[in-house]
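**Student:** Got a structure for you, questions after.
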Amino acid sequence: MASKIISFTLNGRLTEVLVKPLTTLGTLLREQLDLTAAKSGCKQGGCGSCTVLLNGQPVLSCLLPVEEVEGQQVITLEGITPTDGLNPIQEVFYENFAIQCGYCSPGMILVTKALLDKNPHPSREQIIDSLTGNYCRCTGYEPIIQAVEKAAQRLNGHEG
Amino acid sequence: MAKKRGLGIAAVNYPTGMNLGGDPSQALIHATTTGSFVITLASTDLGQGLKTVIAQIGAETLGVPFENVMIDTADSDTGPHCMGTFASRATHRVGNAVIQAAEEARKVMMEVAADELEASPDDLETDGQGNINVKGSPDRSINVIDVALAAHFKYGKTISGRGMFMKPKSDVDPETGKMDPDSTEAHACTVAEVEVDTETGEVKVLSLKSAYEVGQQVNPALVEGQIRGGSYMGMAHALYETTHPYYPQVEHMPTSFSEYVLPGPMELPEIDSVVLEYPSANGPYGVKGVGEMTANSPIPAIINAIYDAVGVRITDLPATPEKILRALEELES
Amino acid sequence: MTESKLNVVGQSVLRRDGLGHVTGKTVYIDDIKFRDMLYLKMVRSPVPHARLKGIDFSEAEKVPGFVRAFTHEDVPKNIYTILCLIGVGPDEEPVLVEDEIRYKGEQIAAIVAETEEAAMEAVSRVKLDLEELPAVLDVEEAIKPDAPVLKHWGTNYFIYEDYHCRRVRLGDVEKGFAEADFIVEGRYQTSPIEHAPAETTACVAKPEADGRITVYTNTQAIYFTLDNTALILQVPFQKLHFVGGTVGGGFGGKVDVLLEPIASLAAIKTGRPVKFKFTREEEMRCSSSRGAWRMYFKDGVTKDGRIIARKITTYADAGAYNRHTPYAVTKHAANIAGPYRIPNVWIDGYCVYTNRQPGSAMRGFGVTPASFALEVQMDKIAETVGLDPWSVRFINAYRDGDMKPHQKVVEDATLIEVMQAAAKMVGHELPEEYQKMSSQALEEG
């Protein structure tokens, strides 16, 4: 089957790529574009380590054909990392030890961004609900939940 | 049909080190011309934070700031032997090796500082901020950067050190089992509170409250990371996980996260802990090790709590709803 | 060290690798790629026990992008055992199956191709000629005389210097049982489980211009893996250069040598970098698990709750091959009687082979199942004698100076102290007698 050209906005930039049909967004990002922050933990949609944002919503890039992002907006962790320093969510994760091996962190951080962009004052239950698609084996989740709470406070300027 | 609560306890020991010993780790340290120190290892960080705690131990022994210490690992061309990261051995063995290397490097550093300050090395102390001064005379002081420069270009000395730690390998008497398996023992006691739904057999762990004794915490936040992660893994072992749902039969083995049942953040219990420190005789700064122990005590504590709640003792892990319901049925008949 | 004030030990300093983790810049093995890299995928057994009579690669070779297939004939020293480095033998695990398949998912042949998809397609087209054999799956069935024998030395258990199991003997348990007021028995079984790290096991082997091979790996033990790889490939150790140190979760699941030898061999033979990464399915089905353990307790207990005799027979389900289980059974035997002062202890710990994916190290190796069994058994004892769970543990807790069943004197005991602290945490008022206990105090036994 012939390759096709897909055009979409990637981390704020209009991007054109040549892909074989049914190439997943995850494979495109990691293998063709060298954007390796999104991981390849299972390729079954079960762990969320491949999470990127599609029009602001978390999606599993390991299952998403690139054709589905034609004309859409995709954001990866690379796209929200400032050239110098960290964004507030990254800062909070770092300062609050919400990371151990780091493999789930890109997915967790993007899911957090999607949540807080939509709901700046989430309850603990809402935070937990938003994290259920992202697997972490190291931290036991609590430090991540607390980091999201603190990130919300920091973004709202209410940090104690 | 009801939701019944119960409490259960478990008290455990956990040994430090590869069983029987014979698991050396080595470390090399050298100072750069500008007073940074590189600790070269072939040890691996699994996410628990080994690279951080080793830098802390190195900085402490050298007497310099944490920021001055770099960790270079793992490369078999540059890093000396390390048996690996497992058996709760890394901080203990690698830490001890780093202390030995750091002591050797520190000795040279102090000798050079002594020459520069025209004092005896025994009269000098480090302030942990990057300065070396004469005890009692803080104005007679020199910065580590200047010491390093002087060592390299004035005295022709290398501020470096080599370290090694090995617990000698113990034999095992095949008849009596007489052996010396470990360097020290850490301990934990967990109290679990559960709620069992007698209609569905599901167990909700309400809380896991534990006391841990770990010798010495190098980095309390990282210890807490092991406590939270380990408690969670213990709960998962006790109630959810299996690669063989019909053990010992090999049917229906999972191939994905949809089939391998694991709890998520919705199943989180309240996890509370207190950490005691009774330094071990042979650990670096008294460290014992904590990485594995935290997953062990929750398992029997939860099983014992289920018994307290509903009177069934599940002796076959995981304690699935099916097993609990079958046991409850048997109890009633 | 004699420093009384610590400057940095004891401080919660931020992680050295934290910035890389939160920016996605930390490099994991799967993030590594090279221009002319090949992908390795494994042909695996679909059945737990069989004779391998033939492999037909003819359809696989037709897949565009197929480069080469490897069988056991390509492996210089195909039979190995990981623990040979610490003097444990004999060698019994094939890198690639020679004639007998011993677990479902066992590695039979390796295929390298230009793309991951081509390698997977080629693997799916390989035809295996198998003669299925009866599988032995239960540890107690496996050591019966009529069970199919899995090991070339004629047994389904590891031999500990002429003994059929790891033994610990202290005192006289039969005498203890005779003197006991209660006999409490229990059977405990753990399940095999998966480490399930977020990152699967992976390596990239790359030939260098100077003839050496660089292997990027997420192994937990750089030298253990390097040395075993060199022995399997029969190359000088200095030909191999292992680089790693950053692991996306280990938990003991990355201490085996399943990937590096075959990937390195493929790199040497093709002259190109080779990536071998476990899929999640392989990680769950084929990589080592935590082996199941079956444990039988028989305790002799006095009416005031003291355990005076403990007899334990345990069976570790090693699966098809040694990996690290013979070592774990020894560690298990050193801990299964528990942190308690018991004058008469008898332990028989078996390392049993069955036709399933091999077990290996996992967080708590050998001690996790032991702690589970013995701590549930303690509650059973408490109930039998009419004591509460706290009391039975305080009464039996070990202290410095006690003798452990393997004849090591207890030191660094703090069991009493953690129990006191835990009781305080949950607001459980202990009797004064237990509140005053100490691991260091000498007391009448």
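**Student:** Restricting region C:309-329 to residues that are surrounded by 23 or more Cβ atoms within 10 Å (Cβ to Cβ) and β-branched (Val, Ile, Thr), which is nearest to C:ASP181 (Cα to Cα)?
**Tutor:** So the residue we want is C:ILE312.
**Student:** Given the residues B:VAL194, B:VAL203, which is the only one that is within 14 Å of another protein chain (Cβ to nearest Cβ) and either surrounded by fewer than 16 Cβ atoms within 10 Å (Cβ to Cβ) or among the β-branched types (Val, Ile, Thr) (or both)?
**Tutor:** B:VAL194
**Student:** Let me ask another. What are the residues in region C:282-302 that are in a helix (DSSP H, G or I) and either farther than 21 Å from C:GLY250 by Cβ or in contact with a Pro (Cβ under 9 Å, 6 or more places away or on another chain) (or both), if any?
**Tutor:** The answer is C:GLU283, C:MET284, C:ARG285.
**Student:** For C:ARG285, work out the one condition from (1) modelled with pLDDT of 95 or more; (2) more than 20 Å from C:VAL88 (Cβ to Cβ) it doesn't fulfil.
**Tutor:** (1)
**Student:** Write out, first by first residue and then by second, each pair whose Cβ atoms fall under 6 Å of each other, whose residues are 6+ apart or on separate chains, and whose first residue, in region B:253-267, is facing chain A (nearest Cβ under 8 Å) while the second is in a loop (DSSP other than H, G, I, E, B).
**Tutor:** B:SER256/A:GLN44; B:SER256/A:GLY46; B:PHE257/A:GLY46; B:PHE257/A:CYS47; B:SER258/A:GLY46; B:LEU262/B:TYR240; B:GLY264/A:THR132; B:PRO265/A:TYR141
**Student:** Of the residues that sit in region B:140-185 and are buried (at least 16 other Cβ atoms within 10 Å of the Cβ) and touching an Asp or Glu at 6+ places or on another chain (Cβ under 6 Å), which one is farthest from B:MET293 (Cα to Cα)?
**Tutor:** B:ALA150
**Student:** Scanning region C:1-36 for residues that are touching a strand residue (DSSP E or B) at 6+ places or on another chain (Cβ under 8 Å) and buried (at least 17 other Cβ atoms within 10 Å of the Cβ), which turns out modelled with the lowest pLDDT?
**Tutor:** Among those residues, the one meeting the criterion is C:ARG16.
**Student:** Filter region B:186-227 down to residues that are more than 30 Å from B:LEU46 (Cα to Cα) and part of a strand (DSSP E or B), then give me how many there are.
**Tutor:** Count: 6.
**Student:** Would you confirm whether any residue within region B:280-302 is over 28 Å from B:LEU7 (Cα atoms), modelled with pLDDT under 95 and more than 8 Å from every other protein chain (Cβ to nearest Cβ)?
**Tutor:** Within region B:280-302 (the criterion being over 28 Å from B:LEU7 (Cα atoms), modelled with pLDDT under 95 and more than 8 Å from every other protein chain (Cβ to nearest Cβ)), the answer is no, since none of the residues qualifies.
**Student:** Hey, can you tell me all the residues within region A:38-58 that are surrounded by fewer than 24 Cβ atoms within 10 Å (Cβ to Cβ) and out of contact with any Cys (no Cβ under 8 Å at 6 or more places or on another chain)?
**Tutor:** A:GLY46, A:LEU53, A:LEU54, A:ASN55, A:GLY56, A:GLN57, A:PRO58
**Student:** Going by the structure shown, is C:PHE394 in contact with a Pro (Cβ under 7 Å, 6 or more places away or on another chain), closer than 20 Å to C:ALA309 by Cα and part of a helix (DSSP H, G or I)?
**Tutor:** In short, no.
**Student:** Taking region A:111-144, which residues are in contact with a Pro (Cβ under 7 Å, 6 or more places away or on another chain) and of a type in the set (D, E, K, R)?
**Tutor:** Selection gives A:ARG137 alone.
**Student:** Among the residues of region C:328-357 satisfying the criterion of being under 14 Å from C:LEU170 (Cα atoms) and assigned to a strand (DSSP E or B), which is nearest to the other protein chains (Cβ to nearest Cβ)?
**Tutor:** So the residue we want is C:ILE347.
**Student:** Report whether or not A:LYS43 is assigned to a loop (DSSP other than H, G, I, E, B), closer than 17 Å to C:GLY24 by Cα and within 8 Å of another protein chain (Cβ to nearest Cβ).
**Tutor:** So A:LYS43 fails the test.
**Student:** Considering every residue within region B:77-93, establish whether at least one is without any contact (Cβ under 8 Å) to a residue 40 or more places away in the chain, surrounded by fewer than 24 Cβ atoms within 10 Å (Cβ to Cβ) and of a type outside the set (Gly, Ala, Ser).
**Tutor:** yes
**Student:** What are the pairs with Cβ atoms under 8 angstrom where one residue, in region C:239-259, is closer than 16 Å to C:GLY20 by Cα and surrounded by fewer than 24 Cβ atoms within 10 Å (Cβ to Cβ) and the other, located anywhere, is of a type in the set (Phe, Trp, Tyr) and modelled with pLDDT under 95? Sequence gap at least six, or different chains.
**Tutor:** Close Cβ pairs (under 8 Å, with a partner that is of a type in the set (Phe, Trp, Tyr) and modelled with pLDDT under 95) do not exist here.
**Student:** Can you tell which of C:GLY89, C:GLY105, C:GLY54 is assigned to a loop (DSSP other than H, G, I, E, B) and either of a type in the set (A, V, I, L, M) or more than 20 Å from C:ALA202 (Cα to Cα) (or both)?
**Tutor:** C:GLY89
The values are calculated or read from the model by the stated rules, or taken from the named source; none is laboratory data. From a predicted model like this one, the values you see are computed outputs, not experimental measurements. Methodologically, a virtual Cβ is constructed for each residue, glycine included, from the backbone with ideal geometry; neighbour enumeration extends over all protein chains shown.
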